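The structure appears right after this line, and notes come after that.
The values are calculated or read from the model by the stated rules, or taken from the named source; none is laboratory data. No experiment lies behind these values; they were computed from the predicted model shown. For neighbour counting, all protein chains shown are included, and Cβ atoms are generated from backbone atoms with ideal geometry for every residue, glycine included.
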Amino acid sequence: MSVEATHMTIPISPDRTRRGSLRLRLPKVSRSVLLSTLTVAVLLAGWAIVTEMGWANELFLPKPQAVWAAFVKTMTKGYQGATLLQHLGASLYRILTAFTLACLIGIPLGVLMGVSRNARALLNPLIEFYRPLPPLGLYTLLVMWLGIGESSKLSLLFLAGLPGIVISTIQAVTSVDPVYVRAAQSLGATRRHLLFHVYLPAAGPLILAGMRISLGFTYTVLVAAEIVAASAGIGWMIWDAAKFLLSDVVIMGLIVLGLTGVVLDLMMRGIAKLLMPWA
């Protein structure tokens, strides 16, 4: 019997290959979901044990069921004349309006400073001086200049999100490989072509990453923006409840803030994958 005859080739159907690849991929997703669920379960269990055993004063750390009851009550009957959805809607309006304005101004400004050394030298000192200023320090001036209405709140959130977008855009544009630029120029690309077909596609992933970070920072300033002369908003609800030691409402509001921030970040990731699948 020849050597060749001892080897047999067994065909493998595409369906079996596909099922095998799915079988190999599923444990990774399941493990990630399992670990995330385990983390949440451990935190909830620890919270329940601490409160049930009386190791913490319920005035400052209420039981999980008390927080859930506050959530249901705020959803149905409201808090200080507005339901939880109305408070959340007011906060999301402020956040998304200010963040959209910050993107519309910050991205073009960052691109300009990234491609032009003169623009960068002219504007960078202003950005670097303004960036470390505390938002609450700015808020006092904004209230003096713009009053206690929505203008000062939107301006504070806008100013909180702008520097991160500008700086991340500058870094993204300046990190574009010069080989791409020279190759496009050798093919006759104009400045407009370079902007839309070289700089933005190459710098887009870093710009979107900076937008995600900026959105998170803007969200942290929300409570400060809603402290002064507001009658609705998650931040205002937390601040008002804290004055009356309603810790169940405070913790419920913080949980809603955190979950809303996670949802907004997931939306940003989805937009990034949709607009820039190569990232």
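If we scan region 32-39, do we find a residue that is outside the structural domain of G235 (by TED's automatic domain parsing), in a helix (DSSP H, G or I) and touching a helix residue (DSSP H, G or I) at 6+ places or on another chain (Cβ under 6 Å)?
no
Could you please find all residues in region 144-180 being among the hydroxyl-bearing types (S, T, Y) and closer than 16 Å to Y199 by Cβ?
Across region 144-180, the qualifying residues are S168, T169, T174, S175, Y180.
Give the residue that is modelled with the highest pLDDT, with candidates limited to residues of region 132-179 that are among the charged types (D, E, K, R) and surrounded by fewer than 19 Cβ atoms within 10 Å (Cβ to Cβ).
E150
Every residue, every condition in (1) surrounded by 12 or more Cβ atoms within 10 Å (Cβ to Cβ); (2) over 27 Å from the mean Cα position of the chain (by Cα); (3) more than 25 Å from I213 (Cβ to Cβ), yes or no:
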| site | (1), (2), (3) |
| --- | --- |
| V42 | no, no, yes |
| M53 | no, yes, yes |
| A66 | yes, yes, yes |
| Q80 | yes, yes, yes |
| Q86 | yes, no, yes |
| I95 | yes, no, no |
| G110 | yes, no, no |
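For region 184-279, please list each of the helices (runs of 4 or more DSSP H) lying entirely inside it that holds at least 2 residues being basic (K, R) and free of Cβ contacts under 8 Å to residues at least 40 places away in the same chain.
191-194
Which of the following residues is touching a residue at least 24 places away in the same chain (Cβ under 8 Å), of a type outside the set (S, T, N, Q), assigned to a helix (DSSP H, G or I) and closer than 30 Å to V166 by Cα: F99, F71?
F99
May I ask you to verify whether L162 is assigned to a helix (DSSP H, G or I), closer than 30 Å to L44 by Cβ, in contact with a helix residue (DSSP H, G or I) (Cβ under 8 Å, 6 or more places away or on another chain) and among the hydrophobic types (A, V, I, L, M, F, W, C)?
No: the conditions fail for L162.
A232 - would you say it is crowded, with 17+ Cβ neighbours inside 10 Å and within 26 Å of I127 (Cβ to Cβ)?
No; evaluated as a whole, the condition is false for this residue.
Picking from V111, V29, which residue would you name as being among the hydrophobic types (A, V, I, L, M, F, W, C), at pLDDT below 85 and farther than 25 Å from S247 by Cβ?
Among V111, V29, only V29 is among the hydrophobic types (A, V, I, L, M, F, W, C), at pLDDT below 85 and farther than 25 Å from S247 by Cβ.
Which one is surrounded by the fewest Cβ atoms within 10 Å (Cβ to Cβ), of the residues in region 68-78 that are touching a Ser or Thr at 6+ places or on another chain (Cβ under 9 Å) and over 20 Å from K243 (Cβ atoms)?
Here the answer is T76.
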